[in-house]
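In what follows, a structure is listed as structure tokens, so that the remarks can point back to it.
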């Protein structure tokens, strides 16, 4: 049984929502609650491992479990990136380069080992582990890229989100109107939706003086959590309807 969702518009809406929530929730833990980047990363990586183990031992696709893992990779990726870039002093450029290398190495190893980079039909436990490893690195990379665009590029939060939104539009056009590999386009979009969420999260949480909307990490996280929860409920109800229709047709 396939354990991964179909790649639809709803998937990308939920992905952006989850990654934006990951940005605000990660900042809430590390900065607003003053836990720090290192300890926050340990806590969130532990949460990621718990959700991942649950996902790995399930036999079918469960929207709640799947998106819990996505959210955990996003929150952990936020604090891990901040720890690398700020606490260790690597900076956004070096941190991004390291993460790009790790993601590329993961995808190459995955392709050579499993002979496929399918993101909708993974049959082996090893392939699923590669899938989630790539997602963790891509979400961490996205945070570093988003912070670079927001803080160092001069574009600001809104400008960074606009740039990434434009790139995502080009990828969508490439999907529908070119013969570029859909797997390659998927991972490009997956990486870019993370900085899109990161810059949009910063836009929501930062003060007006810094170019944000001043919703704060708590308010922004609550709003995004409610939206994501509603979308997960809708996805679960759709899955149940499809399952019932399949049973009735037998």
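What follows is calculated from the coordinates using simple rules that are stated; it is not laboratory data. Small disclaimer: the values here were computed from a predicted structure and weren't measured. Glycine gets a Cβ as well: all are built from the backbone with ideal geometry, and neighbour counts include every protein chain shown.
Which of the peptides 184-192, 132-140 is most tightly packed, and how do the rest follow, going by the mean number of other Cβ atoms within 10 Å of each residue?
132-140, 184-192
Sort 37, 61 so that the residue with the fewest other Cβ atoms within 10 Å of its own Cβ comes first and the one with the most comes last.
On the way: 37 22, 61 16.
Least crowded to most crowded, the residues run 61, 37.
In degrees from 0 to 90, rounded to the nearest 10, what is the angle of the helix 91-114 Cα long axis to the longest principal axis of the chain?
Taking the Cα atoms of the chain, the angle to 91-114 is about 10 degrees.
Which angle from 0 to 90°, rounded to the nearest 10, does the C-alpha axis of helix 182-205 make with the longest principal axis of the chain?
Between the helix axis and the principal axis of the chain, the angle is about 40 degrees.
Quickly work out the residue 162-to-residue 223 label distance, labels modelled 7 Å from Cα along the C-beta direction, and quote it in nm with one decimal.
About 2.0 nm separates the two model spin labels.
Is the C-alpha gyration tensor of the stretch 55-149 telling us rounded, prolate or oblate? Criteria: a/c under 1.5 is rounded; beyond that, a/b larger than b/c is prolate, otherwise oblate.
Verdict is oblate for the stretch 55-149.
Nearest 10 degrees is fine. How inclined is helix 216-249 to the longest principal axis of the chain, computing both from alpha carbons?
Tilt of helix 216-249: around 10 degrees.
Calculate, in nm to one decimal, what residue 4 and residue 113 gain on full extension: separation in residues at 0.36 nm each, minus their alpha carbon distance.
37.3 nm
How do 240, 84, 31 line up, fewest other C-beta atoms within 10 Å first?
Lowest count first: 240, 31, 84.
In a solvent-free Debye calculation with one equal scatterer on each Cα, what is log10 I(q)/I(0) for the chain at q = 0.10 Å⁻¹, listed in the order of the q values?
At q = 0.10 Å⁻¹ the computed log10 ratios are -0.47.
Could you work out how much longer the chain between residue 180 and residue 60 gets when fully extended? Use 0.36 nm per residue separation minus the Cα distance between them, nm to one decimal. List each step's numbers first, then the result.
Details: separation 120, 0.36 × 120 = 43.20 nm, distance 3.01 nm.
The span from residue 180 to residue 60 would gain 40.2 nm if fully extended.
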